[in-house]
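Readers should treat all values here as calculations from the given coordinates under stated rules, not as data from a laboratory. Predicted, not measured: the structure shown is a model, and the values here were computed from it. When we count neighbours, we look across all protein chains shown, and the Cβ atoms used for this are built from the backbone with ideal geometry, even at glycine.
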Amino acid sequence: MDWRIGVIGTGAIGKEHIDRITNKLSGGKITALTDVNPENAKSAASLCGARIEHSDKDVINAPDVDGILVASWGSAHASSVLAAIGAGKPVFCEKPLATTAGDCKKIVDAEMNRGKKLVQVGFMRRYDRGYLQVKEILDGGKIGKPLMLHCTHRNMSVGENYTTDMAVTDTAIHEIDCLHWLINEQYVSAQVLFPRATKYCHPKLRDPQFMILTTESGITIDIEVFVNCQFGYDIECEVCCEDGVVKMPEPAFPTLRYKAARSVAMETDWKCRFADAYDVEIQDWINAAKEGKVKGPTAWDGYLAAVTADALVKAQGSGRVEPITTGPCPDFYK
């Protein structure tokens, strides 16, 4: 029997999840959905035959909905997630879990008070094959303890609605979660440096940026965020350890020999780069939720990411090394 899912938010990522649940994955069925934009809701409903509800609360409380998928605007996440926890229903929330660390902590507290893990956060990189290969090598221990991580997050270009702080909250937020998971350590400080600006910047954006995180054991992480690189969508991760170095493989493309040149194509879009990871992520959520479990990134991971992002945004303005204070991970999430 299909596990019945209600979707809150049917914009671009919401529609993609509806399509994958309906046409690619197994065990799940969209039965109800809602969106503040009626046309978005109608378009999404036509993809899966689901009923359109008036509000997120109507979806959450519907008797024919077993679990909730939140893909609405970030500022609306906290209210929907808290309502799902109150109803005792598993919820998958696209990143960010909430737009403030305070709201993330409310979600953590509500889930702990409920006494059962119900929340998974949409940090899909943990499901990417390349990152999983790096994780397996690090966990195996054969190249020693991690000392340094070097990472890049490059986009071809961004619109004028993209601002300096979004380089943290919308872009590097994926590295913030994924790198913490790779090395299994919490961050203790954050710093941001601004190299020479690209000519493709607009007045509200400083680009590129160089972000530095340190962990509790002293591991140093640098993340280059360059959102107007012009040449492609380029994600890299290299971990330098005591006895060796592991670098994440790049997506495979054929080598083309043509007109006296040899070339290899690159990804240009994040949706294509991580399409497989999204599929695996949502299938894993459905399978685990049907068993009453959460196997992916938790509400605590969402809180850690929010606190770290706040420190990096503060460092953008201060130019100083800013502390990151989260407290110990509760036993509930270990």
> If you take the square roots of the eigenvalues of the alpha-carbon gyration tensor of the range 99-226 and sort them as a ≥ b ≥ c, do you get rounded (a/c under 1.5), prolate (a/b over b/c) or oblate?
Replying inline: oblate
> In the range 142-203, which trypsin sites (Lys or Arg not before Pro) fall in coil by DSSP and have 15 or fewer other Cβ atoms within 10 Å?
Replying inline: K142, R196, K199
> Going by average Cβ neighbours within 10 Å, how do the peptides 288-301, 169-182, 235-248 rank, with the highest at the top?
Replying inline: 169-182, 288-301, 235-248
> Helix-derived [θ] at 222 nm for the chain: sum -39500 (n - 2.57) over DSSP H runs of at least 4, divide by residue count, nearest 500?
Replying inline: -11000 deg cm²/dmol
> How large is the charge dipole for the chain, taken about the Cα centre, if only the Cβ atoms of Lys, Arg (+1) and Asp, Glu (-1) carry charge, to the nearest 20 debye?
Replying inline: 340
> Rounded, prolate or oblate: which one fits the range 186-297, using the alpha carbon gyration tensor with axes a ≥ b ≥ c (rounded when a/c is under 1.5, else prolate when a/b beats b/c, else oblate)?
Replying inline: oblate
> What is the sum of charges around G140, taking Lys and Arg as +1, Asp and Glu as -1, for the other residues whose C-beta is under 14 Å from the C-beta of G140?
Replying inline: -1
> Nearest 10 degrees, 0 to 90: what angle lies between the long axis of helix 77-87 and the longest principal axis of the chain (Cα atoms)?
Replying inline: 40
>> Could you order the peptides 117-126, 11-20, 69-78 from most to least packed, using the average number of other C-beta atoms within 10 Å per residue?
In response: 117-126, 69-78, 11-20
